[in-house]
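Below: the structure, in structure tokens.
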Amino acid sequence: MSIDIARIASALDQAARKAEPLAQFSTSTAFSLEQAYQIQRASMQHRYADGERMIGVKLGFTSRAKMIQMGVDSLIWGWLTDTMLEEDGGLVQLKRYIHPRAEPEVCFLTRRTIDRPLTLLEAADYLEAVAPAIEIIDSRYQAFKFSLEDVIADNCSSSGLVVGPWSRDFAALDNAGVLLRIDGRLVQAGSTAAILGHPLRSLVQASQLLSRAEIALPAGSLVMAGAATAAEALHPGAHVSVEIAGLGESRFTCV
Ligand code: OOG
Ligand code: MG
């Protein structure tokens, strides 16, 4: 099957840069999961060439709640860059996004290079810290609708990231309550156990995916485990906060 990887990658980059949505590709051209990751990689190469810096990886669809909300059934992964970082407790400018949504995340900071598949028992030993976080996802596709291939090509809707206080309390991750509030109102509630049974399993998955792709993740990288609950749409003025029991809180205000 022949598809124009470079053309799709630049169309996605432009859509992100202009904050203008585009039509899904998979509805007009069928492409494989492998080709979707090739598009994702091509798009990231453009962005690195334009000066963005890779700061880590994210997993998506690691919980039933997310798979059900988006109508997909497999785990996906994408890349985080420095331009996605928003300040904890700060203001987030919505105009640089198309139709942003917020979701609660567990964010890990790695302590050692990850260059082979890890076991669950080894996972914590590769970590420096963990933090409650909020991911701002923003699909480049119209109406936030996509196939698995489309969303992978679109770097898994990666867009913004707010990281709360770091700690080394990995034991707190065991079935901890996850709360997403907007304007003080509880809009989503879940548990860290919804993330593959335990968020450390996301690190194990990330190590396997990286190893299969023959990429080593340097020490000091972020790994986002995937949301435990569905995501919520953002509007100007919204105060958004995520609390993970035992880990604390992360927040921002939309302008
Ligand atoms: C894709 C990103 C999924 C997660 O945590 O499951 C994701 C999307 O929902 O648009 O980040
Ligand atoms: Mg996410």
query = Within region 93-115, how many residues turn out to be within 16 Å of ligand 2 (Cβ to nearest atom) and crowded, with 21+ Cβ neighbours inside 10 Å?
reply = 8
inquiry  = Among the residues that make up region 202-214, is at least one of them open to solvent by less than 10 Å² (accessible area, probe 1.4 Å), in contact with an Asp or Glu (Cβ under 9 Å, 6 or more places away or on another chain) and under 17 Å from A102 (Cβ atoms)?
reply    = no
message = Within region 18-38, does at least one residue satisfy the condition of being under 20 Å from the mean Cα position of the chain (by Cα) and of a type in the set (F, W, Y)?
response = yes
query = Residue check: is I195 of a type in the set (A, V, I, L, M) and within 15 Å of ligand 1 (Cβ to nearest atom)?
reply = yes
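Conditions tested, residue by residue: (1) over 15 Å from the mean Cα position of the chain (by Cα); (2) part of a loop (DSSP other than H, G, I, E, B); (3) β-branched (V, I, T); (4) modelled with pLDDT under 95.
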{"position": "V151", "(1), (2), (3), (4)": "no, no, yes, no"}
{"position": "L180", "(1), (2), (3), (4)": "yes, no, no, no"}
{"position": "A189", "(1), (2), (3), (4)": "yes, no, no, no"}
{"position": "R201", "(1), (2), (3), (4)": "yes, no, no, no"}
{"position": "S207", "(1), (2), (3), (4)": "yes, no, no, no"}
{"position": "I215", "(1), (2), (3), (4)": "yes, yes, yes, no"}
{"position": "T229", "(1), (2), (3), (4)": "no, yes, yes, no"}
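Quick one: which residue in I55, I39 is of a type in the set (A, V, I, L, M), within 16 Å of ligand 1 (Cβ to nearest atom) and in a helix (DSSP H, G or I)?
Details: I55 fails: in a helix (DSSP H, G or I).
Among I55, I39, only I39 is of a type in the set (A, V, I, L, M), within 16 Å of ligand 1 (Cβ to nearest atom) and in a helix (DSSP H, G or I).
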key: Of residues in region 58-92 being more than 14 Å from ligand 2 (Cβ to nearest atom) and assigned to a loop (DSSP other than H, G, I, E, B), the one surrounded by the most Cβ atoms within 10 Å (Cβ to Cβ)   = D88
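Any residue at all in region 33-42 that is surrounded by fewer than 18 Cβ atoms within 10 Å (Cβ to Cβ), in contact (Cβ under 8 Å) with a residue 12 or more places away in the chain and away from ligand 2 (no atom under 16 Å from the Cβ)?
yes
So in region 121-149, with the set limited to residues that are among the acidic types (D, E) and either more than 10 Å from ligand 1 (Cβ to nearest atom) or surrounded by fewer than 17 Cβ atoms within 10 Å (Cβ to Cβ) (or both), which one is nearest to L59 (Cα to Cα)? If you could, list the steps in order and put the result at the bottom.
Just the residues of region 121-149 that are among the acidic types (D, E), to begin with: 122, 125, 128, 135, 138, 149.
Keeping just the survivors that are either more than 10 Å from ligand 1 (Cβ to nearest atom) or surrounded by fewer than 17 Cβ atoms within 10 Å (Cβ to Cβ) (or both) gives 122, 125, 128, 149.
Working: E122: 19, D125: 20, E128: 19, E149: 15 Å.
Looking at residues that are among the acidic types (D, E) and either more than 10 Å from ligand 1 (Cβ to nearest atom) or surrounded by fewer than 17 Cβ atoms within 10 Å (Cβ to Cβ) (or both), I get E149.
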task = With the condition kept exactly as written, say whether any residue in region 179-197 is of a type in the set (D, E, K, R), in contact (Cβ under 8 Å) with a residue 60 or more places away in the chain and in contact with a Lys or Arg (Cβ under 6 Å, 6 or more places away or on another chain).
result = no
task = Could you check, for region 62-75, whether at least one of its residues is closer than 28 Å to A172 by Cβ, small (G, A, S) and within 16 Å of ligand 1 (Cβ to nearest atom)?
result = yes
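The values are calculated or read from the model by the stated rules, or taken from the named source; none is laboratory data. Note that the coordinates shown come from a computational prediction; the quantities given were computed from them, not determined experimentally. Virtual Cβ from ideal backbone geometry, glycine too; neighbours counted across all protein chains shown. What goes into the accessible areas is simple: the full protein's heavy atoms, side chains included, and nothing from ligands, DNA or RNA. Shrake-Rupley method; radii C 1.70, N 1.55, O 1.52, S 1.80 Å.
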